Amino acid sequence: MLKIENLSVHYGMIQAVRDVSFEVNQGEIVSLIGANGAGKTTILRTISGLIQPSKGTIQFEGKPIQKRAPRKIVAQGISQVPEGRHVFSGLTVLENLEMGAYLRKDGSLKEDYEHVYEKFPILKERLTQDASTLSGGEQQMLAMGRALMSKPRLLLLDEPSMGLAPIFIKEIFNIIQEIKEQGTTVLLIEQNAKMALSIADRGYVLETGKVVLSGTGQELLDSDEVKKAYLGG
Ligand code: ATP
(Lines give C-alpha, C1' and ligand atoms only; values in the text may rest on other atoms or scores of the structure.)
Protein backbone atom coordinates (compact mmCIF):
# COMPACT_ATOMS: atom_id res chain seq x y z
CA MET A 1 0.00 0.00 0.00
CA LEU A 2 2.78 2.41 1.01
CA LYS A 3 6.26 1.82 -0.36
CA ILE A 4 9.19 4.01 0.57
CA GLU A 5 12.44 3.52 -1.25
CA ASN A 6 15.82 5.09 -0.54
CA LEU A 7 14.33 8.12 1.11
CA SER A 8 16.68 10.89 2.24
CA VAL A 9 15.58 14.16 3.81
CA HIS A 10 17.72 17.19 4.63
CA TYR A 11 17.10 20.33 6.66
CA GLY A 12 19.64 22.62 5.00
CA MET A 13 22.99 20.91 5.59
CA ILE A 14 21.61 18.51 8.21
CA GLN A 15 20.58 15.08 6.96
CA ALA A 16 17.70 13.83 9.12
CA VAL A 17 16.75 10.70 7.10
CA ARG A 18 19.34 8.49 5.36
CA ASP A 19 18.40 6.16 2.58
CA VAL A 20 15.36 4.71 4.35
CA SER A 21 13.24 1.99 2.70
CA PHE A 22 10.18 0.31 4.18
CA GLU A 23 6.69 -0.86 3.32
CA VAL A 24 3.26 -0.83 4.85
CA ASN A 25 0.85 -3.47 3.54
CA GLN A 26 -2.87 -2.99 3.49
CA GLY A 27 -4.52 -3.97 6.78
CA GLU A 28 -1.35 -3.76 8.86
CA ILE A 29 -0.24 -1.71 11.83
CA VAL A 30 3.42 -0.88 11.20
CA SER A 31 5.41 0.83 13.97
CA LEU A 32 8.54 2.91 13.51
CA ILE A 33 10.41 3.19 16.76
CA GLY A 34 13.56 5.07 17.70
CA ALA A 35 15.01 7.56 20.15
CA ASN A 36 14.57 11.34 20.08
CA GLY A 37 15.90 12.79 16.86
CA ALA A 38 16.03 9.45 15.00
CA GLY A 39 14.02 10.96 12.14
CA LYS A 40 10.57 9.51 12.80
CA THR A 41 8.59 12.74 12.61
CA THR A 42 10.55 13.82 9.55
CA ILE A 43 9.51 10.63 7.74
CA LEU A 44 5.82 11.13 8.57
CA ARG A 45 5.90 14.77 7.52
CA THR A 46 7.57 13.78 4.26
CA ILE A 47 4.86 11.18 3.54
CA SER A 48 2.21 13.86 4.21
CA GLY A 49 3.89 16.20 1.72
CA LEU A 50 4.88 18.80 4.32
CA ILE A 51 8.59 18.32 3.59
CA GLN A 52 10.19 17.51 0.24
CA PRO A 53 12.68 14.64 0.21
CA SER A 54 16.14 15.22 -1.23
CA LYS A 55 16.16 11.69 -2.66
CA GLY A 56 13.98 8.60 -2.98
CA THR A 57 10.39 7.72 -3.77
CA ILE A 58 7.14 7.35 -1.84
CA GLN A 59 4.45 5.30 -3.53
CA PHE A 60 0.91 5.03 -2.25
CA GLU A 61 -1.28 2.38 -3.87
CA GLY A 62 1.20 2.21 -6.75
CA LYS A 63 1.39 5.95 -7.46
CA PRO A 64 4.29 8.26 -6.60
CA ILE A 65 3.18 10.95 -4.15
CA GLN A 66 6.45 12.60 -3.17
CA LYS A 67 5.84 15.71 -5.25
CA ARG A 68 2.18 16.19 -4.37
CA ALA A 69 0.71 18.95 -2.23
CA PRO A 70 -0.41 17.93 1.27
CA ARG A 71 -4.13 18.50 0.49
CA LYS A 72 -3.89 16.18 -2.52
CA ILE A 73 -2.27 13.53 -0.37
CA VAL A 74 -5.12 13.78 2.15
CA ALA A 75 -7.64 13.61 -0.68
CA GLN A 76 -5.89 10.48 -1.94
CA GLY A 77 -6.50 8.71 1.37
CA ILE A 78 -3.67 9.48 3.81
CA SER A 79 -4.32 11.41 7.01
CA GLN A 80 -1.86 12.38 9.72
CA VAL A 81 -2.37 12.93 13.43
CA PRO A 82 0.55 15.20 14.29
CA GLU A 83 2.76 15.02 17.34
CA GLY A 84 1.29 17.21 20.08
CA ARG A 85 -2.20 16.80 18.52
CA HIS A 86 -2.51 20.38 17.19
CA VAL A 87 -6.23 20.64 17.69
CA PHE A 88 -7.61 23.99 16.55
CA SER A 89 -8.05 26.16 19.63
CA GLY A 90 -10.82 28.74 19.42
CA LEU A 91 -12.88 26.12 17.62
CA THR A 92 -15.24 23.70 19.33
CA VAL A 93 -14.87 19.94 19.31
CA LEU A 94 -17.54 19.68 16.62
CA GLU A 95 -15.86 22.37 14.48
CA ASN A 96 -12.56 20.49 14.76
CA LEU A 97 -14.25 17.34 13.48
CA GLU A 98 -15.81 19.33 10.65
CA MET A 99 -12.34 20.55 9.65
CA GLY A 100 -11.31 16.91 9.28
CA ALA A 101 -14.08 16.36 6.75
CA TYR A 102 -13.23 19.54 4.84
CA LEU A 103 -11.85 17.78 1.75
CA ARG A 104 -14.60 15.18 1.57
CA LYS A 105 -16.61 15.32 -1.62
CA ASP A 106 -19.13 12.62 -0.77
CA GLY A 107 -22.09 14.02 1.14
CA SER A 108 -22.92 11.38 3.75
CA LEU A 109 -21.08 12.55 6.85
CA LYS A 110 -23.70 11.70 9.47
CA GLU A 111 -22.63 8.08 9.73
CA ASP A 112 -19.00 9.10 10.05
CA TYR A 113 -19.69 11.46 12.95
CA GLU A 114 -21.60 8.63 14.63
CA HIS A 115 -18.67 6.33 13.99
CA VAL A 116 -16.28 8.80 15.66
CA TYR A 117 -18.63 9.29 18.66
CA GLU A 118 -18.91 5.55 19.06
CA LYS A 119 -15.12 5.28 19.26
CA PHE A 120 -14.67 8.36 21.41
CA PRO A 121 -17.86 8.81 23.48
CA ILE A 122 -16.23 11.64 25.45
CA LEU A 123 -16.15 13.80 22.30
CA LYS A 124 -19.91 13.56 21.92
CA GLU A 125 -20.29 14.91 25.44
CA ARG A 126 -17.99 17.85 24.67
CA LEU A 127 -19.15 18.94 21.21
CA THR A 128 -19.55 22.62 22.08
CA GLN A 129 -16.44 22.89 24.27
CA ASP A 130 -13.39 24.81 23.00
CA ALA A 131 -10.90 22.17 21.88
CA SER A 132 -8.01 23.86 23.73
CA THR A 133 -9.74 23.22 27.07
CA LEU A 134 -9.80 19.43 26.62
CA SER A 135 -7.32 17.31 28.59
CA GLY A 136 -4.28 15.90 26.78
CA GLY A 137 -5.90 12.50 26.34
CA GLU A 138 -9.12 14.05 25.07
CA GLN A 139 -7.15 16.21 22.63
CA GLN A 140 -5.44 13.08 21.32
CA MET A 141 -8.86 11.50 20.80
CA LEU A 142 -10.11 14.61 19.04
CA ALA A 143 -7.05 14.70 16.77
CA MET A 144 -7.65 11.03 15.89
CA GLY A 145 -11.38 11.61 15.37
CA ARG A 146 -10.61 14.61 13.16
CA ALA A 147 -8.22 12.50 11.05
CA LEU A 148 -10.81 9.71 10.75
CA MET A 149 -13.36 12.22 9.42
CA SER A 150 -11.33 12.40 6.20
CA LYS A 151 -11.97 8.62 5.86
CA PRO A 152 -8.31 7.73 5.33
CA ARG A 153 -7.22 4.36 4.02
CA LEU A 154 -3.85 5.00 5.70
CA LEU A 155 -3.67 6.72 9.08
CA LEU A 156 -0.33 8.19 10.21
CA LEU A 157 0.02 8.57 13.97
CA ASP A 158 2.88 10.60 15.47
CA GLU A 159 3.56 9.74 19.12
CA PRO A 160 -0.03 9.26 20.27
CA SER A 161 1.14 8.28 23.77
CA MET A 162 3.18 11.44 24.35
CA GLY A 163 2.44 13.06 27.69
CA LEU A 164 -0.50 10.80 28.53
CA ALA A 165 -1.23 8.90 31.72
CA PRO A 166 -0.88 5.10 31.44
CA ILE A 167 -4.63 4.54 31.53
CA PHE A 168 -5.15 6.88 28.57
CA ILE A 169 -2.25 5.28 26.69
CA LYS A 170 -3.92 1.89 27.03
CA GLU A 171 -7.22 3.27 25.81
CA ILE A 172 -5.62 5.01 22.83
CA PHE A 173 -3.77 1.85 21.82
CA ASN A 174 -6.96 -0.23 22.10
CA ILE A 175 -8.64 2.24 19.79
CA ILE A 176 -5.74 2.06 17.31
CA GLN A 177 -6.26 -1.70 17.16
CA GLU A 178 -9.98 -1.21 16.65
CA ILE A 179 -9.28 1.23 13.81
CA LYS A 180 -7.15 -1.41 12.13
CA GLU A 181 -9.79 -4.11 12.65
CA GLN A 182 -12.30 -1.87 10.94
CA GLY A 183 -10.11 -1.74 7.85
CA THR A 184 -7.84 1.32 8.15
CA THR A 185 -4.11 0.68 7.73
CA VAL A 186 -1.93 2.37 10.36
CA LEU A 187 1.63 3.68 10.38
CA LEU A 188 2.53 4.48 13.96
CA ILE A 189 5.62 6.24 15.23
CA GLU A 190 6.42 6.06 18.91
CA GLN A 191 9.05 6.40 21.56
CA ASN A 192 6.97 4.02 23.68
CA ALA A 193 8.50 1.00 21.94
CA LYS A 194 6.81 -1.60 24.12
CA MET A 195 3.27 -0.42 23.41
CA ALA A 196 3.99 0.32 19.76
CA LEU A 197 5.52 -3.10 19.06
CA SER A 198 2.93 -5.02 21.04
CA ILE A 199 0.15 -3.90 18.69
CA ALA A 200 2.27 -3.90 15.49
CA ASP A 201 2.14 -6.52 12.77
CA ARG A 202 5.61 -5.35 11.77
CA GLY A 203 8.06 -2.74 12.90
CA TYR A 204 11.24 -0.91 11.97
CA VAL A 205 13.87 0.52 14.29
CA LEU A 206 15.42 3.85 13.30
CA GLU A 207 18.71 5.19 14.56
CA THR A 208 20.12 8.54 13.44
CA GLY A 209 18.02 8.57 10.31
CA LYS A 210 18.63 4.96 9.24
CA VAL A 211 16.67 1.72 9.52
CA VAL A 212 18.82 -0.61 11.62
CA LEU A 213 16.40 -3.48 12.35
CA SER A 214 13.07 -4.77 11.13
CA GLY A 215 10.77 -7.68 11.87
CA THR A 216 7.36 -8.61 13.17
CA GLY A 217 6.24 -6.79 16.31
CA GLN A 218 6.92 -9.92 18.35
CA GLU A 219 10.37 -10.52 16.81
CA LEU A 220 11.40 -6.99 17.69
CA LEU A 221 10.00 -7.28 21.22
CA ASP A 222 12.08 -10.45 21.65
CA SER A 223 15.24 -8.99 20.10
CA ASP A 224 18.13 -8.45 22.52
CA GLU A 225 19.13 -5.23 20.77
CA VAL A 226 15.63 -3.80 21.09
CA LYS A 227 15.35 -4.94 24.70
CA LYS A 228 18.64 -3.31 25.60
CA ALA A 229 18.13 -0.04 23.75
CA TYR A 230 14.38 0.57 23.98
CA LEU A 231 12.75 -1.66 26.59
CA GLY A 232 14.96 -0.91 29.57
CA GLY A 233 17.12 -4.07 29.52
P1 ATP B 1 11.27 13.05 18.32
O2 ATP B 1 10.76 11.76 18.81
O3 ATP B 1 12.09 13.77 19.34
O4 ATP B 1 10.26 13.91 17.66
P5 ATP B 1 12.15 12.11 15.76
O6 ATP B 1 12.67 10.74 15.66
O7 ATP B 1 10.76 12.33 15.34
O8 ATP B 1 12.37 12.67 17.21
P9 ATP B 1 12.83 14.23 13.95
O10 ATP B 1 11.97 15.22 14.64
O11 ATP B 1 12.40 13.69 12.67
O12 ATP B 1 13.14 13.02 14.94
O13 ATP B 1 14.28 14.88 13.82
C14 ATP B 1 15.35 14.26 13.10
C15 ATP B 1 16.55 15.20 13.08
O16 ATP B 1 16.26 16.33 12.25
C17 ATP B 1 16.96 15.76 14.43
O18 ATP B 1 18.36 15.78 14.47
C19 ATP B 1 16.38 17.14 14.44
O20 ATP B 1 17.14 18.03 15.23
C21 ATP B 1 16.45 17.54 12.98
N22 ATP B 1 15.36 18.47 12.62
C23 ATP B 1 14.04 18.25 12.74
N24 ATP B 1 13.33 19.31 12.30
C25 ATP B 1 14.24 20.22 11.89
C26 ATP B 1 14.14 21.54 11.31
N27 ATP B 1 12.96 22.10 11.06
N28 ATP B 1 15.30 22.17 11.02
C29 ATP B 1 16.51 21.59 11.25
N30 ATP B 1 16.66 20.36 11.77
C31 ATP B 1 15.55 19.67 12.09
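The values are calculated or read from the model by the stated rules, or taken from the named source; none is laboratory data. In this text the structure is predicted, and so the values were computed from the model without any measurement. Cβ atoms come from the backbone with ideal geometry, glycine included; neighbour counts cover every protein chain shown. All accessible areas refer to the heavy atoms of the entire protein, side chains included, with ligands and DNA or RNA removed. Shrake-Rupley method; radii C 1.70, N 1.55, O 1.52, S 1.80 Å.
Rounded to the nearest 0.05, the FRET efficiency derived from the C-beta distance between Lys227 and His115 at R0 = 41 Å is 0.60. Taking a ≥ b ≥ c as the square roots of the eigenvalues of the Cα gyration tensor, segment 41-83 is classed as oblate, since a/c reaches at least 1.5 and a/b does not exceed b/c. Average accessible surface for the chain: 47 Å² per residue, computed with a 1.4 Å probe over protein heavy atoms with every protein chain in place. Secondary-structure-derived ellipticity at 222 nm for the chain, considering helices only, amounts to -10000 deg cm²/dmol, per-run term -39500 (n - 2.57) for DSSP H runs with n ≥ 4. Under the criterion of Cα pairs below 8 Å and six or more residues apart, the relative contact order for segment 86-150 equals 57 percent. Under the criterion of Cα pairs below 8 Å and six or more residues apart, the relative contact order for the chain equals 28 percent.
At a threshold of 8 angstrom on Cα-Cα distance, excluding pairs fewer than six apart, so keeping six or more, what relative contact order does segment 36-170 reach in percent? The value is 31 percent.
Figure legend: label point modelled 7 angstrom from the Cα of Met13 along Cα→Cβ; residues of segment 54-74 with amide N under 20 Å from it are 54-55. Maximal additional length on extending the Asn25-Ala69 stretch stands at 13.5 nm, based on 0.36 nm per residue less the C-alpha distance.
Using a 7 Å offset from Cα along Cα-Cβ at Asp106, what residues in segment 129-154 end up with backbone N under 15 Å from the label point? In segment 129-154, the label zone of Asp106 (backbone N under 15 Å from the point 7 Å along Cα→Cβ) covers 148-154.
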